[in-house]
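In what follows, a single structure is set out as structure tokens and then discussed.
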Amino acid sequence: MDQEQLMREAADEKMINDAFQVLLNNYMNSRHRKKTDLITKAFNFAKQAHKGVRRLSGEPYIMHPIAVAQIVCSEIGLGSTSICAALLHDVVEDTEYTVEDIENMFGAKIAQIVDGLTKISGGIFGEQASAQAENFKKLLLTMSEDIRVILIKIADRLHNMRTLESQPANKQYKIAGETLYLYAPLAHRLGLYKIKSELENLSFRFEHPEEYADIESKLEATRLSRHQSFDQFTAPIEETLERMGLKYEIRERVKTPYSIWNKMQNKHVTFDEIYDILAVRIIFKPTSRETEAKECFNIYVELSQLYKSHPDRLRDWVNHPKSNGYQALHVTLMSKEGHWIEVQIRSERMDEIAEQGLAAHWKYKEGGEYSEDENELNEWLHTIKEILDDPQPDAMDFLDAIKLNLFASEIFIFTPKGEIKTMPANSTALDFAFSIHTFLGSHCIGAKVNHKLVPLSHRLQSGDQVEILTSKSQHVSPSWINFVSTAKAKAKIQSILRHDNREVQKAGETLFNEWLKKNGFEPSVALTNQLAEFHEIKHREEFYQAIGEKTILLGEKDLDELHGKTKKSESGGGWRKYVPFVKAKKKEDPQPELMVVPEKFNRKKPIYITDDNIHQYKFPTCCHPIPGDDVLGYIDNKNQIEIHKRTCPVANRLKTSYGNRILDAKWNMHKRLFFDATIRMTGIDRRGLVNEVTRVLSNQLSIDIRKLMFTTEDGIFDGSIDLRVHDCEELEQIKDSLKSIEGLKEISRIM
């Protein structure tokens, strides 16, 4: 062994031991029962198991489990059982050791958690569809047994996101997409606000690096003026809190780049038009646990003497905590500069629970030391358990159902007896019925809200008192799925409908098989799929259902399809429906062929979309990308490549479910082709405005207007223009030119 290698190994050894020592020191400073021997034993075992293995970044592999254990200990606040499981979480998956070996050495509890983490590791499904969705289902199943599995999995994901630079771009999009779709909402639901924010920001940074850098630089440029606003706003508040004799801390909370960008997308505004970038957090030491709620409101009363408060923006999470345990009083006050500023009033205990979530609850139990096993699982886990008891046949439907409950804000509903039920915002009377009992939901004919009769679809407001009305003759209708919004209600309705549909599907399948035999074909899954696709139906069950319901009548065209006689142009427009660009076409031009991905295709390298090869890719109508948009490629079931915007909701689902099929895609266009784009405008109406808009577009910019629509109501106009442009840069120039027109207030791109 040469000198250089010895020095490198010695440096690695020092780095590993230093990192472990930091972990031990942090653990010793916590209030957990001290079990350093067990943690040291787990560290030595994992270090030996991963010996000689390195991560893509080049560092020894054991640094990853140590980092995950560090997050588990310091940022989530868990104890020895979780720290050991975090150190051992990759041993079973990546080495020769088994769960039984872990159990023999570290006991049943740690082995159970490691087993849970191993079951949900990525990659075990290879190319199989919905691998991540299936993994997520397993994660939730294990989580309902032990919440620590998911807390460690979130820590594992956080460290992977912090070290994502070493991965190729297609992997970055897959992991960032999954993180935003699943792990950030989970962290939010478990009350891990800091981790949730960091996961969102890191995902944003890798998916949209330019927008991230732009917002970061604008935040830096406005930092000084923000500090000045904060100091001016809080100076009189500090005097008031001093006068009240409180021990307190006032913190400046700045919106994260991701939440700023998200608001810019949803509200179609620029960075300069976002006024709630700054918020103020008051954290005080209460006289006692019993008086902290009263003291929150005392502070609010005093603040409303200093500044005018917004009557519709008082959020009382103190008396009605969120289901993840979050407590605070949110008020919005008008600053002297004329901006609304949100103020969050919290006790020290509330602040710690807001930042650390579930784990912080243990800290406030009676007694000096505490054990993780005292954890109570909240109602949300029971909801998930119910959905898991009747899992969806399609893993993506299941994921969407869970997602409905993950990020929902909450309202409070009273039963006829005065009990409070927490429901997601936008819940209907039917959601409420299913939340109480499946029988009540499936036989619901209406409800009385605040003693007035309302239909099933009535949306509930916080504070409503609801009585559900039922009838034995009532039966679940397919239309119900359109006006429920909770995961539980959707899952139950789909379950009942599926049960009803099975008989129809069975009859349809029998009819189809008889038809095939009559026409000389042997029934098979391949033939079923071929005809289902011919009728533009995604799932076999739906195809059988349509035959059973007689909405599809099998005939000559179906036989032609099976014999391969159908022309492409007859079945849904062929390649043309995927073409997003306009190009002069001669009669003798051959019909372009879509690219089929070869077996040994290098998925790590980016694909380049050029003027000459653009016709080889599919452009589905879900997001209308144009050159300049951040895009990715997706290899579909026919091995053809679809191009999606990275922000596209369809792409988000694909990243989460079919991560192995995601490709990095880049534009290399030279302004030869035109693309459709739509701009939306709102503003103050006046005579001659439309004329000015068309003059700027046609005369000044020579832009081809395809369609112009304007509506006016009470002096405010709303309009949209369909244009043909070369790329995003040209679109931005158009928007900038339109901004010079007097009266135009908001200009945004819709497609």
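Below are the figures for this structure:
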item	result
Count of the range 318-353 residues which are over 19 Å from Leu190 (Cα atoms) and assigned to a strand (DSSP E or B)	13
Cross-chain or 6+ apart pairs with Cβ under 8 Å, the range 250-267 first and closer than 22 Å to Gln228 by Cβ, then among the β-branched types (Val, Ile, Thr) and part of a helix (DSSP H, G or I)	Ile250/Thr234; Ile250/Ile237; Pro257/Ile215; Ile260/Ile215
Of all residues making up the range 497-517, the number that are among the aliphatic types (A, V, I, L, M) and modelled with pLDDT of 85 or more	3
Test: residue in the range 466-479 that is crowded, with 19+ Cβ neighbours inside 10 Å, modelled with pLDDT of 85 or more and over 26 Å from Glu542 (Cα atoms)	yes
Among residues of the range 188-238, those that are of a type in the set (A, V, I, L, M) and either at pLDDT below 90 or touching a Gly at 6+ places or on another chain (Cβ under 7 Å) (or both), counted	2
Residues of the range 160-201 classified as open to solvent by less than 20 Å² (accessible area, probe 1.4 Å), touching a residue at least 40 places away in the same chain (Cβ under 8 Å) and under 22 Å from Ser57 (Cβ atoms), total	9
Selection within the range 675-710 - under 26 Å from Phe619 (Cβ atoms), out of contact with any His (no Cβ under 8 Å at 6 or more places or on another chain) and open to solvent by 60 Å² or more (accessible area, probe 1.4 Å)	Ser702, Asp704, Arg706, Lys707, Leu708, Met709
Residue ranges of helices (runs of 4 or more DSSP H) in the range 1-88 with at least 1 members in contact with a Pro (Cβ under 7 Å, 6 or more places away or on another chain) and open to solvent by 20 Å² or more (accessible area, probe 1.4 Å)	3-28
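The values are calculated or read from the model by the stated rules, or taken from the named source; none is laboratory data. Everything quoted here is computed from the prediction, not taken from an experiment. Here the Cβ is made from the backbone with ideal geometry for all residues, glycine too, and neighbour counts use every protein chain on show. Surface accessibility is based on the protein's heavy atoms, side chains included, excluding ligands, DNA and RNA. Shrake-Rupley method; radii C 1.70, N 1.55, O 1.52, S 1.80 Å.
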